[in-house]
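The values are calculated or read from the model by the stated rules, or taken from the named source; none is laboratory data. Treat the numbers as computed from the prediction; the structure is a model and nothing was measured. Cβ sites come from the backbone with ideal geometry, for glycine too, and all protein chains shown count toward neighbours.
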Amino acid sequence: MEGEDEPKWMEMPSISEAQSEPVLPAQSYHDLGDLYPDAPIPHVRGEAIIHRAVLQDSSGIEALFDWVAAGDIAIVELKRLIHRDVEFANCVSRLQELIEGDLGGALVQVGDGRLILLPAGFAAVKGVENEVFAPDA
């Protein structure tokens, strides 16, 4: 029979009352990320912003350089890049050259696929993995 597979509709009084004009918000909202893509964030001595990043290829290195040069920390995932040996080695050597050589910072390997990029004035502490708060302790 025709029409048995179609959904059954129920008449609802609220649906039949059509609004003539759309409801406008009482206040305008703005996407602050669009208005201020490079918002000035004051740096207090001893405090840093921690950025998270996934390095897909060597084109993302400039942003990492900028963050570390500004005194920020970056946690970088390299799992997508690690299997491309030549590009991976090139990226790591460029990071070492700028961060360790030019800026006096440090690169710290965390696990198999992550690096922490530290600007000058920050240091990694060895032995933390044995502390009580460490996940494997």
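Annotation note: Cβ proximity below 7 Å between a residue of region 34-51 that is closer than 13 Å to ASP72 by Cβ and among the aliphatic types (A, V, I, L, M) and a residue that is part of a strand (DSSP E or B) and at pLDDT 70 or above (sequence gap 6+ or interchain) occurs for ALA48/ILE73; ILE50/ILE73; ILE50/ILE75. For ALA63, are the conditions met, namely being modelled with pLDDT of 70 or more, more than 22 Å from VAL125 (Cα to Cα) and surrounded by 10 or more Cβ atoms within 10 Å (Cβ to Cβ)? When the stated conditions are applied, ALA63 passes them.
Among the conditions (1) within 23 Å of GLU47 (Cα to Cα); (2) modelled with pLDDT of 80 or more, VAL128 misses just one, which is (2).
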